[in-house]
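To keep things clear, I will list the structure first and then write my remarks on it.
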Amino acid sequence: MTAAIPFANTYARLPEHFFASVDPTPVAAPRLIRVNRDLAAELGIDAAWLESPEGVAVLAGNRVPEGAEPLAMAYAGHQFGNRVPQLGDGRAILLGEVVGRDGLRRDIQLKGSGPTPFSRRGDGRAALGPVLREYIVSEAMTALGIPSTRALAAVLTGDSVMRETVLPGGVLTRVATSHIRVGTFQYFAMRGDVDGVRALADHVIGRHDPDLAEAPNPYAALLTRVVERQADLVARWLLVGFIHGVMNTDNCAVSGETIDFGPCAFLDAYDPSAVFSAIDEYGRYAYGNQPGILHWNLTRFAEALLPLLAHEAEAGIAVAQDGLAVFGPRFEAAYYGGLRAKLGLTTDQDADGELGRALLEAMQAGGADFTLTFRRLGQAALGPEGDAAVRALFGDPGLYDAWATRWRARLATEPLDPAARRAAMDRVNPAFIPRNHRVEAVIQAAIARDDFAPFHELVTVLARPYDDQPAFAAYAEPPQPHERVLQTFCGT
Ligand code: AMP
Ligand code: MG
């Protein structure tokens, strides 16, 4: 057993106004829920040690491990479109960074580990429910092949937290290639601290995009790179029915990883106006609004970078516009490319986008389940015998029939044989996603009965989203009407 986390910290070397040094606040009675053994191995951390009393004390914030330099990162942001010059890690503490077996540097952060100078009126704590949700969804996203922060561990604190009711407290150990957000850039930009913006940009280039250091204008190249990564990311979200729920600029990571799983949810029936978050009164962050909101967030990123883009303000604006212009084509290519693959198409024809949209419209009109429709299309791709299972998902099966006729005509122009097509479709159309009602049931079992078996089972099923797992077929099913989750809440 190796009692060490091989820290190699760089953020702590940045100017001191980038963060506040602060230790986690100890909790009453740490109790391990789960260690992510595979991730621990990737990071070069001994999972057996993490599971030992000493390791659990670290995961709960009761013990600062050797080499850690605990800090809360400063950041700002636009929340629901409103400028907030200071947010920062109010309930999260970065322990430090490790370079994993793959050579990639990653942050190790405790979330729910006590107050920091950025806590404002918050208690710095996390309730068990949001800890479990973030563990489940961030690992599910990873298994789906979508860039995401990871969950290294979840623990109970033994303390209660006061929310609308008294709830058990938890701490999530989150891992990310970095926790630098659009809002981190805004923090310095909003203060007119151009040196701060530059130091942060240089850190990001060194850490995420070292190839850009040689570019003629590295900061312009960074803008383009972040635009590309985020466009690709949000396209991937749409293709699995993910709704982030709170796409504020402080929840938009420059690494292109999905971050901050607060009131997130997944579509059951397809509906572009779907909103789950209780605080999203006007549907700003509805499923179908996400690309437009992302463009808005990236525009805020470009604004923050402006002084670095050129010496003259006007020239800087032109560079920013060029960078942002990459967004539309990049997003469309990622989204429609993904949609074609979901339909089993390997060649690219002009009418494919329309064909995909027509299916989505039929799903919306027919109240069809998004995930199951695509998954079952794989069977239908083998031949019309497979249609019955898809039709059954539509309130009016005729909606599917009309579309399927067009689809079959298009498939006839494809080179792949049906079996190969089906296999390819099964690799992009998941059978298993973290269905909202399943996540809620897991949280309820943990809170009400101290029963974590449903949590472990759900995590296990979601680790193989593209495999039919007959023993767990029920996890692929949409909710019964009485099981439907109508609203989700922030982790605060
Ligand atoms: P989030 O909803 O996670 O995007 O958080 C928005 C801001 O509120 C961030 O600055 C958080 O650190 C802060 N925050 C959220 N919950 C708490 C809490 N319980 N205690 C202190 N700060 C919090
Ligand atoms: Mg956040």
Next item on the list: Of all residues in the stretch 272-305, count the ones that are of a type outside the set (A, V, I, L, M) and not in a loop (DSSP other than H, G, I, E, B).
Entry: 14
Check: Which residues, taken from the stretch 475-492, are open to solvent by 80 Å² or more (accessible area, probe 1.4 Å) and within 16 Å of ligand 2 (Cβ to nearest atom)?
Finding: 489, 492
Checklist line | In the stretch 106-120, the residues that are open to solvent by 10 Å² or more (accessible area, probe 1.4 Å), within 10 Å of ligand 1 (Cβ to nearest atom) and either more than 19 Å from residue 61 (Cα to Cα) or in a loop (DSSP other than H, G, I, E, B) (or both) | finding: 115, 116, 118, 119, 120
Item checked: Residue in the stretch 184-203 that is out of contact with any helix residue (DSSP H, G or I) (no Cβ under 7 Å at 6 or more places or on another chain), closer than 18 Å to residue 230 by Cα and open to solvent by 10 Å² or more (accessible area, probe 1.4 Å) present -> no
Margin query: Quick check on my filter: what residues within the stretch 57-83 are farther than 30 Å from residue 290 by Cβ and either of a type in the set (Val, Ile, Thr) or within 16 Å of ligand 2 (Cβ to nearest atom) (or both)?
Written below: 58, 64
Check: When the stretch 453-474 is examined, which residues are found to be within 28 Å of residue 165 (Cβ to Cβ) and crowded, with 17+ Cβ neighbours inside 10 Å?
Finding: 454, 455, 458, 459, 462
Next item on the list: Would you point out which residue out of 189, 153 is more than 25 Å from residue 74 (Cβ to Cβ) and of a type in the set (Gly, Ala, Ser)?
Entry: 153
Notebook entry, point to check: Out of 101, 34, 83, which single residue is open to solvent by 40 Å² or more (accessible area, probe 1.4 Å) and at pLDDT below 95?
Noted result: 101
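With respect to residue 133, determine if the residue is within 16 Å of ligand 1 (Cβ to nearest atom) and over 18 Å from residue 90 (Cα atoms).
Judged against the criteria, residue 133 is a match.
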Check: Applying the selection to the stretch 357-370, what residues are buried (at least 23 other Cβ atoms within 10 Å of the Cβ) and in a helix (DSSP H, G or I)?
Finding: 359, 363, 370
Notebook entry, point to check: Of (1) assigned by TED's automatic domain parsing to the domain that holds residue 324; (2) in contact (Cβ under 8 Å) with a residue 40 or more places away in the chain, residue 156 satisfies all except one. Which?
Noted result: (1)
Check: What is the one condition in (1) open to solvent by less than 10 Å² (accessible area, probe 1.4 Å); (2) touching a residue at least 60 places away in the same chain (Cβ under 8 Å) that residue 290 does not satisfy?
Finding: (2)
Check: Do you know which of the residues in the stretch 257-277 that are more than 16 Å from ligand 2 (Cβ to nearest atom) and of a type in the set (Gly, Ala, Ser) is farthest from residue 365 (Cα to Cα)?
Finding: 265
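Which of the following residues is closer than 27 Å to residue 280 by Cβ and surrounded by 24 or more Cβ atoms within 10 Å (Cβ to Cβ): 125, 91? Show your work before the answer.
On the way: 91 fails: surrounded by 24 or more Cβ atoms within 10 Å (Cβ to Cβ).
Of 125, 91, the one residue that is closer than 27 Å to residue 280 by Cβ and surrounded by 24 or more Cβ atoms within 10 Å (Cβ to Cβ) is 125.
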Note to self: With the requirement that a residue be open to solvent by less than 10 Å² (accessible area, probe 1.4 Å) and more than 15 Å from ligand 1 (Cβ to nearest atom), what does the stretch 244-264 give you?
What the structure shows: 254, 256
Check: among the hydrophobic types (A, V, I, L, M, F, W, C), under 28 Å from residue 2 (Cβ atoms) and open to solvent by 10 Å² or more (accessible area, probe 1.4 Å), is that true of residue 68?
Finding: yes
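Given the condition within 30 Å of residue 426 (Cβ to Cβ), aliphatic (A, V, I, L, M), more than 16 Å from ligand 2 (Cβ to nearest atom) and surrounded by 23 or more Cβ atoms within 10 Å (Cβ to Cβ), answer yes or no: does some residue in the stretch 147-168 qualify?
yes
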Check: Residues of the stretch 37-65 being open to solvent by 10 Å² or more (accessible area, probe 1.4 Å) and either charged (D, E, K, R) or within 16 Å of ligand 1 (Cβ to nearest atom) (or both), which ones?
Finding: 37, 38, 42, 46, 51, 54, 63
Margin query: Against the definition (open to solvent by 10 Å² or more (accessible area, probe 1.4 Å), without any contact (Cβ under 8 Å) to a residue 60 or more places away in the chain, over 30 Å from residue 224 (Cα atoms) and out of contact with any His (no Cβ under 6 Å at 6 or more places or on another chain)), how does residue 388 come out, yes or no?
Written below: yes
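The values are calculated or read from the model by the stated rules, or taken from the named source; none is laboratory data. All values derive from a computational prediction rather than experimental measurement. Ideal geometry is used to build each Cβ from the backbone, glycine not excepted, and the neighbour counts take in all protein chains shown. Note: areas computed on protein heavy atoms with side chains; ligands, DNA, RNA excluded. Shrake-Rupley method; radii C 1.70, N 1.55, O 1.52, S 1.80 Å.
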